[in-house]
Structures are given as C-alpha cells and as structure tokens.
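Nothing in this text is a laboratory measurement; each read-out follows from the coordinates by a stated rule. Predicted model, so just to flag it, every value in this text is computed and none were measured. Backbone-built Cβ (ideal geometry, glycine too); neighbour counts: all protein chains shown.
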C-alpha cells in the first residue's frame, strides 16, 4: 500500500482502472505444446493472483495470449500484432529459444521489453537491451550436471544428444568440457533428433562402450522412450539430464524405467517454503495437475513484470525496461532471481531424482 | 507500348506510391502485407511448374530455403555496411542459387512423371533442409539470425510485379505456349517437335529462381530463419494456394495466396472480440481445424479452384 | 559384428512398421492412381483407438497385459481404422473421382491436416503414454549361441515381425485367391475394362481403403507396443517414410511395399547407428532418388508404357 501511495500516476490510473495490456506468445499447439501450455498456465495464474490483489498501479493486468502453433515464422508476426495492434506494454514468452530468437528482434526494434521465461540459449538476450530472461542459461546447467556427475563418482559417461535442439547441443558441449577437464572420460557420443521414436541403434552402441551413466539432455517426449528401450536392451545404469525432462508425459510414458535417474531443473514442487507451497496449492486448485518448471517460470515471469511495473510507477516501456533490468533478489517460486548486466538471471538450480513415480529433491546448486 | 508493359509500369508506380505510406501503416498489417507479397511470389512461381507445365512439385519450400539462406549469408558476410545495393545483389544471388537447385531437380524430372516426380521433388526439399541442418556456417539447427531488415513494401511488391509480368508474358508468348503443350499432352507435344525436356527444366529453373527471391525477401524481413520453417509442410501450403487458386490461372493463384495469408490472421482476431458468442470464438481459436475443413469443402464444391480460369492480361473469350 | 547385427534387428522391426503403412499407400495407388496423403494419420488414429479401448478390452481379456488382450486391442484398432478409411473415401474422395488427380490429392492433404489438428484438439497436443497391453521385455538367448547370445531381441520386436508377416501373407492370399482380390487386380490393370466386365468399382475401392487402413491401424498398435508414447502428429513422419518405402519398392506393387519398408528401416538404423541422425532423412531421400533414376518405376514396379 505504501509503495503504491508513492506512485502518483497509479492513483490517477486507479480512477480510470483501464487494464494494463501484456502480450504473451506461446506454443499452445504443435510440437512443443506441452511447454507452451504449462508456461501459459503459470503466467495466467500469476496474472489472476495479481488482479485478485487489486492489480498493479490500481489497474488490472489483461493478458493477451497468441498461439504460434510451434511454427517458425509465426512468433515475429504475433509479436508485431501484440505490439502494434493490441499496444501491449511488454511481451512474455516464448519458451523455445528458436521462437524467442525470432520474436526478440521485433521487440527490440519497437523498444518493448520482452521477458522469456525459459529460453536458455545465451544468444536470446544478446539480441538487445530490451530482451530479458528469468531462467539460467545452458552453460550453467551443463556445468551443474557435470559437477553432480563427478560427485556421484562416475568416471565414464556416454552422452546422447538431441542434435535437432540447440539446447541439447549446448548442454552437451558444456557438460563435456567441464567433465573431461576434471578427469572424467566421455566414452561414447551418440545423437538423435527430436521426433524420433526408435533409439535402439544409438543405445546399442552406447551399451558396447560400458559407461557408468548416460547424459541425455533431451526433452520429455523422447527421454522416457530412450530410458524404456535402454532397459530392454539391458542398460541398467542411471541417466542424467536437464530441465528438458520436465513434462507431464515423462513419468507416464517411462513407468519405472527412469527410477534412479537424475536431472537438473529450475524448481522443486517439494520445496517447503510458503511461497512455493502456496503456488503449488493454487495451481492444483485451478488446473488439477502439479505445476512443472515451465509453469513456475511462467508464473515468475509475470510476477517479475508486475513488480517492475510497480517499481517504475508507470507502464512506459522505457521506464519499464529499466525497472526490469534492475530486478534484484526477486523472491520467486524458482528461487531468488537477480538479473545481471547481460539481462540473464543469476539463480540456483536444483537436482531432482526420480523415484516411485515422482520427482524428488536431491540438492540445490548455487551459481 | 504493349498493354502488359503499361500495366507493369503502373504496378511499379503503385509500389513506389504505396511505399511512401507503408511507414505509417500499423506494423502488424505491414507484416501481413509483406507475407502476402512473399506468398504470391511462391504461389505464382509454383504455378508455372504445376499449373502451366503440369509437373507436380512438392519441394518448393526447399528452393525458398536456398534463396533465404544464400542471400542471408551474403548480407551477413557483407557486414554492417550492407546497403540496399548489397541487399539487391544478395536477393539476386539467392535467386540464382535457387535456380541452380531447380536445375538439379529439373533434370531427374526428364525421366519421371506424376507421383514419382512428386516424391523426388519432396525428397530434394528434405535433402536441402537436411544439408542446412548440418551446415555450421548456416547456423545448423540453431537457425540463422543477424540480417538487417532490408525488405520493405516497395522491394516486395516490385518483385511481385516483375515476377507476375515475367511469368504471364512468358506463358502467353508463342515460345511459352510450349509449357502448356507439355502439360496438356506431352507425347503430342513431342511429336509436334516441341523440345519437352527444355520446357520442363526451364519451368523448374524459373520457378525456383522466383521462389529463391521470395526466400531472400523473407529472410530479410523476419531477420531469423530456421530450417524447420522450410519443411515439407511449407511446400504443401504453397501447393494448396496453387490448387485453390485454380491451376494455371495466375490471377486466381495470386488471389488464393492473398486469401490464405489473410484468413488465419483474420481468424486470430475473431477470437479476440469478447462480444462474439463463445462457440464462434472457440471455433476461431482452432483455426487450423477450420482451415483444413475449408480445403476439403472447397475441393468438393469447387474442384476447378476458387477462382476458376481467371487470368491476367487475357480478355474473356 | 554383434553391434552390426543388432542394428539390423533394430532396423528390421522399424522397417516392418513402415511396410505395413506402405501397403495402404500402394493398394490405394493401385486401384485409384492417387496418393492418399491422409494415410499416415490413419496410423495415428489406430494408435489412439488402442489408447482409448485398451483399458476396457484388457479387462475383458482378464485384466493385465496379455496376448489375448493385445490381440483384442489390435483387432479393435484395425476395425476402427478400416471404418475411418472407408468413411473418408466415401465423403471426401469419391465425389472427386472424375476430377484430376491433383484435386483429390489436395482434398487428401486437407483430410490429413484435419486429422492432425482435430487430433490435437480432441486428444490433446501432449504425448500420451500408451498402456502396456503386453509385457515387453528382452528375450534371453541361449548361451550356446556363443557371440550371438549377446544380441538383444525384445518380445515387442518379435510380435511386430510376427504380426507383420501374418498380415502380409493374409493380404497376399486375399489379393491372389479371392474374387474381391481379383477385382482389385483387374481395376488396377484397366479400370474401364474392369467395370465393363461387371466389377463393382465403388465396392472394390471401399474394400481397398478398408484393408489398407486396417493395416495402418495395426501398425499404430504395433508401434505403440514398442514405443509407448503416442501423439497426434506421430503420423507425419511415419507416413512420409512409408510413402518413400512404397515408391522405392514400386508404387502399386504389394511385395514392393513390403520390401521398400524393410529396406528403409534398415537403412535408417545403419545411418543413425554409424553416421548421424541428422543425415538420416537426407540419405534416405538421396537413396530413393538414385534408385528412381536407375529404375524409374521403383525396385519391383513394372515400367509403365505411355500409350498414345
């Protein structure tokens, strides 16, 4: 209350109570729909909570969501629509780095701030000073995985990379660099492309190399099939992966095949902090299922934007940009988030393990 | 001065006049306008291959990819100093590179026809995509970005006017009637002494050239290109424009390109109007379902295409 | 050596799936001379038919994964796909039979897009976990086989290969030894002459769609047994590869479709295992183009003479 009292424009705005328009570009259908829908639900939940608490600057937030059907060429058009037709003050999204890379130049040219909840490719925020991210980047996550692998005492690791995803290639590079620099050995490098269903050829040659563990920085659609087929081929060692594993269908498809495997992620729903408990409860009440990383990141992206609007006391994009850039120690559900001078988030990662059909917290890795 | 040439000059003048205002129109509509221009180029060039020459091709997005990537690579290599001259030469080079790819596809077409040709062109499109996906200098799976936004209203529609003028005059010339002869009856054409080989390869080369230009325009408009944007589904989109417009009818195909570009965006805006009844909005939100139903229904009710035998530069008989 | 053999086994079981789907392409092409673009999506429909019917049918067969249950699911999916195939032909393709083939092709593309987008709407865009209808596990090979006992062959692979072989033989028997099969062959040889000889074209076309779609439905279930993750877009890639297989073998030729499917499956496994998955599609298509340049009607297809 005290904060909003300081904001004079807020008081005037409260009289008119015209909504603040925020754009969201997400893959609600198509190949990456699972991520897009999750982050959309998280974003939507955050906006609902903000509005229930009276909005920001006394005005409600109106979220305008457009579906890009996971198709190249769409995000640029959508962002143009959001900015010029709907006149949004900021854009939230996309999850996939290749889509964010398409949307970012348009936001940058129009000087509209854009916050991507989950694009981990370093290039995204390099597009310009209006592009932000609230997740950690690929090199950090690769190093976290490698550090964890060494702590587990694994000496020989095989890697299975999704070469169709820059995310996976980036994670693999950083993992291998750190792992070999610290005395580990990569005994086999194998590749697949997202959309593949049969991984027995790659697994066959991995099995022949006898590793201690397999690093699979893939996505939730392929990882459970990889694990299942690996168990069939008699590969019993643990798998290790990144945040791409998180998705509704991972455990449903994998059954028990991924038990005893580990992955790095943004958030653990087992976190006992009141903030996370509250988020998990309201999310379940609204959507039924448990929130995943993408939902948590979507939630935080909207919350950080709202906090920045409050701090700027205005929705003027230039002031808003500065306020977002100044984000420090934001207490989000995915941890304490600060944005550095390159507009990347500095925040902890968590390592989760899979057991009894659920994700369980193992440890937190600070940056 | 002949009538088509007058029309061309008028169209170019219109482009120049339009470009004066293009800065002041809403960038979203501007985006749709440019995409209309690019899709017209793609559809009209594919129409030369399918509609006029009767060679079924499912790899048009591949030619577009060649044009997009080669032109983008050139302007990026040129660096920050790349002005409109660099841009135009890059566009042209992209067209030439695509034409070379068209030649490579056109040659097997001498031995194959119908569905076999369809699968081979589809295969070439996938091979082009696959090569890009493995080419590090082109960004491989990451996609390629960093081109400046050179493409504007004037260049896009100047290309459209030139391409349509070129294709229409070619097809309507005495020389160009060979294309139609190949389509209507290849054996009879050959018996009449028409070099069918030459015409088929020529259709692929010219069609690919124009598609390559369209790719270059696209790359310098969106400023980020990704191999997945040139997949087989993109080729299918272009084929649908040609068939819906009415094969061989340049004007019809251009109209279909306009309709099929605007329609999805129109449906997108329909779902934004809160005063519309909920079922209508829900239907509009699932616009891809609507789009596919539309294709089936149109084929069932108007198999000759949406705009039948409409054509440029020809008086009604 | 053992790794190479393992890749062959892996490729063979994938190739069997392609072969089953390719049959539908090739049979429809044989009688109607057109590419049924929506065929790959029928395969997806088959998988989802199994997904929704499996819990009830497994309970009917005594609960739990079992051979009987799996067989019931397979038959149910085949029946549903056959009905879907016949319906699609009746509503979308038959009215266009007199039109140029391209028109029908576009209608088929429309149907394909409809099934994919409608599928995302009805089933959700997320991958779904296919229920375990039969316990898939590795088979212990006898140690007396020496080095070969190190090969991994799974129950799923054996079922896929076995079912494919049975279905192929059954189809062959139908085509060669029944009146409907004879009518199908007559229609593909010369449609006009066949109808003059009293072949009921509509009935034969419906039958062809039913059989081809049932095969695709079977492929959907057999895939889901091995790779229990299904999604509404799963038919695009499988359909494309099966189409390539059909053309490679000589489109319109049933043994050719089977041969093409197996060859594509093995080629893919070898490229993925020894080169890189990024080269899989380019190499598959390059091989296809080379084969077509040498043999324009595919491996087993008869060269067609253009009649004046």
Next item on the list: Find the eigenvalues of the gyration tensor of the Cα atoms of region C:199-286, then list the square roots of 5 times those eigenvalues as equivalent ellipsoid semi-axes, largest first, in whole angstrom.
Entry: 27, 17, 10
Check: In degrees between 0 and 90, to the nearest 10, how far off the longest principal axis of chain C does helix C:39-60 point, with axes built from Cα atoms?
Finding: 50
Item checked: Folded to 0 to 90 degrees: helix C:254-274 orientation relative to chain C principal axis, Cα -> 40
Next item on the list: For region A:139-265, state the average projected area of the convex hull of the C-alpha atoms over all orientations, rounded to one decimal in nm².
Entry: 6.5
Checklist line | Share of alpha-carbon pairs per 10 Å distance bin for chain A, given as whole % | finding: 5, 25, 33, 22, 10, 3, 1, 0
Next item on the list: Only bridges with both residues in chain A count here: give the DSSP antiparallel percent, nearest 5.
Entry: 35
Margin query: I'd like the projected area of region B:27-230, averaged over all directions, using the convex hull of its alpha carbons. Report it in nm² with one decimal.
Written below: 11.1
Next item on the list: With both partners inside the protein assembly as shown, how many of the DSSP beta bridges are antiparallel, as a percent to the nearest 5?
Entry: 45
Margin query: Principal axis extents for region C:25-234, Cα atoms only, whole Å, descending order, please.
Written below: 61, 42, 34
Notebook entry, point to check: Add -39500 (n - 2.57) for each DSSP H run of 4 or more in chain C, then divide by its residues: what number comes out at 222 nm, to the nearest 500 deg cm²/dmol?
Noted result: -24000 deg cm²/dmol
Next item on the list: Beta carbons within 10 angstrom, averaged per residue: use that to sort the peptides B:254-267, A:352-365, C:69-82, highest first.
Entry: C:69-82, B:254-267, A:352-365
Notebook entry, point to check: With springs only between Cα atoms under 10 Å, which of B:24, B:235, B:173 fluctuates most in a Gaussian network model of chain B?
Noted result: B:24
Margin query: Explain nothing, just the number: relative contact order of chain B, from Cα pairs under 8 Å at least 6 residues apart, as a whole percent.
Written below: 31
Checklist line | Value of [θ]222 nm, deg cm²/dmol, for chain A, DSSP H segments ≥ 4, -39500 (n - 2.57) each, nearest 500 | finding: -13000 deg cm²/dmol
Check: Which value, in nm² and rounded to one decimal, describes the direction-averaged projected area of the C-alpha convex hull of region B:42-108?
Finding: 4.7
Notebook entry, point to check: On a 0 to 90 degree scale, rounded to 10, what angle separates helix A:33-52 from the longest Cα axis of chain A?
Noted result: 30
Item checked: Largest to smallest principal axis extent of the C-alpha atoms in region A:219-263, angstrom -> 25, 17, 14
Margin query: Which of A:105, A:217, A:75 ends up with the largest GNM mean-square fluctuation for chain A, with Cα atoms connected below 10 Å?
Written below: A:105
Note to self: What is the distance in Å between the Cα centroid of region A:252-316 and that of region C:1-75?
What the structure shows: 38
Margin query: Going by Cα centres, region B:255-295 and region C:188-212 are how many Å apart?
Written below: 39
Notebook entry, point to check: Tell me, what are the semi-axes, in whole angstrom and largest first, of the equivalent ellipsoid of region B:1-123 as set by the roots of 5 times the Cα gyration tensor eigenvalues?
Noted result: 30, 21, 15
Checklist line | Mean-position separation - Cα centroids, region B:1-58 and region C:258-292, in angstrom | finding: 39
Check: Who wins for biggest fluctuation among C:127, C:282, C:65 in a Gaussian network model of chain C, springs between alpha carbons below 10 Å?
Finding: C:282
Next item on the list: Compute the Rg/Rh shape ratio of region A:8-140: radius of gyration over Kirkwood radius, all on alpha-carbon atoms.
Entry: 0.99
Note to self: How shielded is C:257-267 by partner chains, expressed as the average number of their Cβ atoms within 10 Å of its Cβ atoms?
What the structure shows: 0
Note to self: Can you give me the convex hull volume of the Cα atoms of the protein assembly as shown, divided per residue and expressed in Å³?
What the structure shows: 178
Note to self: Across region A:248-367, what fraction of all alpha-carbon pairs, as a whole percent, falls in each successive 5 Å bin from zero upward?
What the structure shows: 2, 11, 18, 20, 17, 14, 9, 5, 3, 1, 0
